[in-house]
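Note sheet for the following structure.
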Amino acid sequence: MNDMREVEVVVIGAGQAGLSSAYHLRRTGFEPDRDFVVLDRSPGPGGAWQFRWPSLTYGKVHGMHSLPGMELTDADPARPSAEVIRAYFDRYERTFDLRVRRPVDVRAVREGDDGRLLVETSDGNWSTRALINATGTWDRPFWPRYPGQETFRGRQLHTAQYAGPEEFAGKRVVVVGGGASGTQHLLELAPYAAATTWVTRRPPVFREGPFDQEAGRSAVALVEERVRQGLPPRSVVSVTGLPLNDAVRQGLADGVLDRQPMFDRITPDGVEWNDGRHVSADVILWATGFRAALDHLTPLRLREPGGGIRVEGTRAVTDPRIHLVGYGPSASTIGANRAGRAAARDIRRLLAGERGEPVAA
């Protein structure tokens, strides 16, 4: 039985970046199923948002921008963000008839026949002329390695496994990481825990005042430059600093956000520094971020010696058929929207040029 299906474009991932790309493909004349297909690994709509912890209510979410063509309005700020955004994405997919196929695990993308790409999945194979990769980072939590880690008798978990503060009641908790998730988790679990310790590799930078468009452009430009050089992207948040809001100010005043330098080793009952200082712990929570989920693209050999994929706009420099959205400078909700539009436009031009059709400006 031949399970090969042909389309013009395959979109991998149905988070903000993938849905934005699908929307703009439709706007430029591509039809779902006939011309493009969206493959999503998750069990239902919502992208990575569907896996957020229940105590992260919609009112606590910073910088969530609506998808193109349909505003997210009248959301209850007290409702879990996972529920709000899952329902919104579901409505969006149905409104624009995007026909997302799920759960489908993309195992590899490799060279096919006649200049096409072969997309191998858990639900058969696809032959495509272009690919939009919108897989995000949720599937690749980053776990640093430290001496003695395997000897720790307590529990170690990553942000991706965080289910809420109640599970830390009466525990001595070490939170590792200076990003937004680290501070959010620390502030939330501190009232439940017996004791907390916050450690980071670099001193945290707190940002006073509003994060205006000028600051946003500067932050994106720094991330964009890394991607142009073929280096692994850092998140936009990593170069903006932590917002100094009321909750953070209170945490600083209460001593909860008392940052310690990174420990040197892990012991069976805690963590230890080279100066002999030791902190006992029942739990180590690694709020150490995520890496881009790109292993399925390995057969295409897109990675540069620096470890990243060199990208101009959304296009992989070494292969104009491949576009990465939600990667590097577009790894924010507003950036993902813009990247989806850019990728759809560039692919339309690429495919029209291959057919010898006139390409609109």
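Any read-out appearing in this document is the output of simple, stated calculations on the displayed coordinates, not a laboratory observation. In this text the structure is predicted, and so the values were computed from the model without any measurement. Don't worry about glycine lacking a Cβ; one is built from the backbone with ideal geometry, like all the others, and counts go over all protein chains shown.
A few comments on the model shown:
- Using the Cβ-Cβ distance between Asn125 and Thr95 with R0 set to 25 Å, the FRET efficiency works out to roughly 0.25.
- Relative protection proxy for 10-17, 132-139, 312-319, 45-52, from highest mean packing down: 10-17, 132-139, 45-52, 312-319 (other beta-carbon atoms within 10 angstrom).
- FRET efficiency, 1/(1 + (r/R0)^6) with R0 25 Å, evaluated for Phe142 and Val317 via beta carbons: 0.50
- Nearest 10 degrees, 0 to 90: helix 333-355 Cα axis against the chain principal axis: 20 degrees
- Kirkwood Rh and Cα Rg combined as Rg over Rh, evaluated for the chain: 1.00
- Asp105 paired with Tyr192, simple spin-label distance in nm, labels 7 Å along Cα-to-beta-carbon: 3.0 nm
- Simple spin-label estimate for Phe51 and Glu166 in nanometres, 7 Å along Cα-Cβ: 2.3 nm
- By the beta-carbon count within 10 Å of each Cβ, the least crowded to most crowded order of Arg207, Arg116, Arg86, fewest first, is Arg207, Arg116, Arg86.
- Subtracting the Cα-Cα distance of Leu244 and Arg303 from 0.36 nm times their residue separation leaves 17.6 nm of extension gain.
- With contacts taken as Cα pairs under 8 Å and at least 6 residues apart, the chain reaches a relative contact order of 23 percent.
- For region 34-125, the relative contact order is 35 percent, taking Cα pairs closer than 8 Å that sit 6 or more residues apart in sequence and dividing their mean separation by the residue count.
- Here Leu118 and Arg155 are evaluated by their C-beta separation; at R0 = 35 Å the FRET efficiency comes out at 0.25.
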